[in-house]
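The block underneath contains the structure these notes are about, expressed in structure tokens.
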Amino acid sequence: CMPLSRREEIADVLRRTGAILVEDDPYGELRFSGEFIPQICALPGLAHQSLLLNSISKIMAPGIRVGWIRGEGPIMNTLSIAKEAVGLHSSVVDQLAVARYLEAYDVDEHIRTVVQVYKQRRDGMRKELIEILPEGATVTSPDGGMFLWAALGNGIDTTALLPIAVQGGVAFVPRE
């Protein structure tokens, strides 16, 4: 949910330097509030120096492991050769399931449905975290995606806390 102004700043640096952008955006369609913001690679002048990685699993079904790369130019041939070196193809069954789904159903309507489900989950998770976290902790309320960020505050060492949390069946990314 990076603001458009920040995306444009990054795009400007990329255009000036000629640096390549690999943008991973599996959650971009999962927006709860605000307006859709285009990916950085979709901004003017970046088509030939960017790759967009995406996946159907976040919007269709978590177990479906079908993803794609959008890019232009010679890099796509190079990626195709690299993919063949790793494995000749992805799961044909998964690809056929996705193809059939896209033919038979309105994916935009499905996205609107799952966005409401994920929004309810975000709100519920945030509410519960606020109730159980120590005083001084903060929890984000992102405009989209599948993740919250909780800062425990009060000098709590989250790296030391992680093994204890894992023993209790909870995992998180500690702040370094």
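The values are calculated or read from the model by the stated rules, or taken from the named source; none is laboratory data. Everything quoted here is computed from the prediction, not taken from an experiment. Glycine gets a Cβ as well: all are built from the backbone with ideal geometry, and neighbour counts include every protein chain shown. What goes into the accessible areas is simple: the full protein's heavy atoms, side chains included, and nothing from ligands, DNA or RNA. Shrake-Rupley method; radii C 1.70, N 1.55, O 1.52, S 1.80 Å.
Take every pair of alpha-carbon atoms less than 8 Å apart whose residues are at least six positions apart; their mean separation over the length of the chain yields a relative contact order of 20 percent.
In summary, the lysines within cross-link reach of Lys119, defined as a Cα separation below 27 angstrom excluding same-chain residues under 8 places away, comprise Lys58, Lys127. Accessible surface area normalised per residue over the chain is 67 Å², counting heavy atoms of protein chains with a 1.4 Å rolling probe. Highest average first, the peptides 110-117, 65-72 ordered by how many other beta carbon atoms sit within 10 Å of their residues are 65-72, 110-117. For Gly144, the residues 5 or more places off, or on other chains, whose built amide H falls under 5 Å of its own are Phe32. The phi torsions of segment 151-161, fed into the Karplus equation with coefficients 6.51, -1.76 and 1.60 and a -60° offset, translate into couplings of 10, 6, x, 6, x, 5, 7, 5, 5, 5, 6 Hz, rounded to whole numbers, with Gly and Pro shown as x. Solvent-accessible area of the chain (1.4 angstrom probe, protein heavy atoms only): carbon and sulfur portion equals 59 percent.
For Glu72, the residues whose modelled amide H falls within less than 5 Å of its own, excluding neighbours fewer than 5 places apart on the same chain, are Ser50. Kindly state, to the nearest 0.05, the FRET efficiency for Arg70 paired with Gln116, given R0 = 22 Å and r defined as their beta-carbon distance. So the FRET efficiency works out to roughly 0.25. Calculate the length of the line joining the C-alpha centroid of segment 132-173 to that of segment 40-107, in whole Å. Going from one Cα centre to the other spans 32 Å. In the set (i) 45; (ii) 61; (iii) 33, the label that goes with percent of Cα pairs over 22 Å apart computed for this structure is (ii). Phi-derived couplings, Karplus 6.51 cos²θ - 1.76 cosθ + 1.60 at θ = phi - 60°, listed residue by residue for segment 41-58: 5, 8, 6, x, x, 10, 4, 8, 10, 8, 10, 10, 9, 8, 8, 7, 5, 7 Hz, with x used for Gly and Pro. Against the chain, whose longest principal axis comes from its Cα atoms, helix 75-86 is set at around 70 degrees.
Over segment 1-76, Cα pairs under 8 Å with separation of 6+ residues give a relative contact order of 29 percent.
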